[in-house]
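The values are calculated or read from the model by the stated rules, or taken from the named source; none is laboratory data. These numbers were taken from a predicted model, which means no experiment stands behind them. Cβ sites come from the backbone with ideal geometry, for glycine too, and all protein chains shown count toward neighbours. Calculation scope for accessible area: heavy atoms of the full protein, side chains included, ligands and nucleic acids excluded. Shrake-Rupley method; radii C 1.70, N 1.55, O 1.52, S 1.80 Å.
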Amino acid sequence: KSIKHRRMNFELPEIVIGKLTGTFNLKEHQYDFDSLIEDIAEALKLIGAAKLFAIRHCDMVVVNKTTRMPRDLESIRSIYPDIPYQQIGEFLQIDLPDGETVQLEYQAMPVDERGYVLVPDNVVVREAVMWYLAKNLILGGIVKTVGYGFAESEWQWRCGSAQATMNVMSISAWSKVQRDFVTLNPRSTSINPNIKYNLDREKNRSGYGRR
């Protein structure tokens, strides 16, 4: 599916994943879909999309020293109050009492109603992202039909071409897609007090944090 804009189109991440699975004959049970989504976002950042991401602000309410971050968050720029915090998956842990508000400034990427990053509908960008996914799957022992060195060279070459493509995309066009898919499909940053199960699940799944 392609999302149209007067100056460019964006497509759902399934388009890139479909090209990946078709190219390397992968079955659904061989890869983790959510991990591929994260890798797509990372590939776009490396290509240079981050400079086109909009700067956003939001207020998040703390429950059980935890709050849920916005679905379109790419990276945190600042948090107020300025105290230590830990990022675990889509949650943020911070030592504040219930009901306190955390003010967040962050870089926002365009996402669909599920919170999945949108990919520019451009063959050069699509190929670059696919090869970034492929080289990661090679490292994981999932793709075995090509070597890592070949995949890495394909990624580097296509990444350079994609960077040139991204340079002509306007900030206003990127932000237009964000308004369409974030403002029209808001996700509450408040969380249910019974958050422990979901938070523990995110800890086990992601295995990373930030301070």
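Taking segment 47-76, which residues are surrounded by fewer than 20 Cβ atoms within 10 Å (Cβ to Cβ) and over 13 Å from Glu105 (Cα atoms)?
Gly48, Ala50, Lys51, Val61, Val63, Asn64, Lys65
Quick check on Leu44: is it within 30 Å of Val146 (Cβ to Cβ), open to solvent by less than 30 Å² (accessible area, probe 1.4 Å) and touching a strand residue (DSSP E or B) at 6+ places or on another chain (Cβ under 7 Å)? I'd like the intermediate steps shown before the answer.
Numbers: within 30 Å of Val146 (Cβ to Cβ): yes; open to solvent by less than 30 Å² (accessible area, probe 1.4 Å): yes; touching a strand residue (DSSP E or B) at 6+ places or on another chain (Cβ under 7 Å): yes.
Yes, satisfied.
Could you check Glu113 against (1) over 20 Å from Ser75 (Cα atoms); (2) in a loop (DSSP other than H, G, I, E, B); (3) among the acidic types (Asp, Glu) and say which number it fails?
The single condition Glu113 does not satisfy is (1).
Hey, can you tell me all the residues within segment 56-66 that are more than 17 Å from Ala41 (Cβ to Cβ) and part of a strand (DSSP E or B)? Outline the logic, then answer.
Our first condition is that a residue be more than 17 Å from Ala41 (Cβ to Cβ); within segment 56-66, this holds for 57-66.
Result: His57, Cys58, Asp59, Met60, Val61, Val63, Thr66.
Of all residues in segment 89-98, which are closer than 11 Å to Thr67 by Cβ and either open to solvent by less than 80 Å² (accessible area, probe 1.4 Å) or in a strand (DSSP E or B) (or both)? Even if it seems obvious, please write down each step before you answer.
To start, the set of residues in segment 89-98 that are closer than 11 Å to Thr67 by Cβ comprises 90-94, 96, 98.
Glu90, Phe91, Leu92, Gln93, Ile94, Leu96 - these are the residues of segment 89-98 that are closer than 11 Å to Thr67 by Cβ and either open to solvent by less than 80 Å² (accessible area, probe 1.4 Å) or in a strand (DSSP E or B) (or both).
Six or more apart or on different chains, Cβ atoms under 8 Å: show the pairs whose first residue is in segment 142-165 and free of Cβ contacts under 8 Å to residues at least 40 places away in the same chain and whose second is of a type outside the set (Phe, Trp, Tyr) and outside any helix (DSSP H, G or I).
Close Cβ pairs satisfying both conditions: Ala151/Val143.
Given the condition at negative phi, of a type in the set (Val, Ile, Thr) and out of contact with any Pro (no Cβ under 7 Å at 6 or more places or on another chain), answer yes or no: does some residue in segment 37-45 qualify?
Let us first name the residues in segment 37-45 that are at negative phi, namely 37-45.
Adding the requirement that they be of a type in the set (Val, Ile, Thr) leaves 37, 40.
Among the residues that remain, those that are also out of contact with any Pro (no Cβ under 7 Å at 6 or more places or on another chain) are: none.
Checked segment 37-45: no residue is at negative phi, of a type in the set (Val, Ile, Thr) and out of contact with any Pro (no Cβ under 7 Å at 6 or more places or on another chain).
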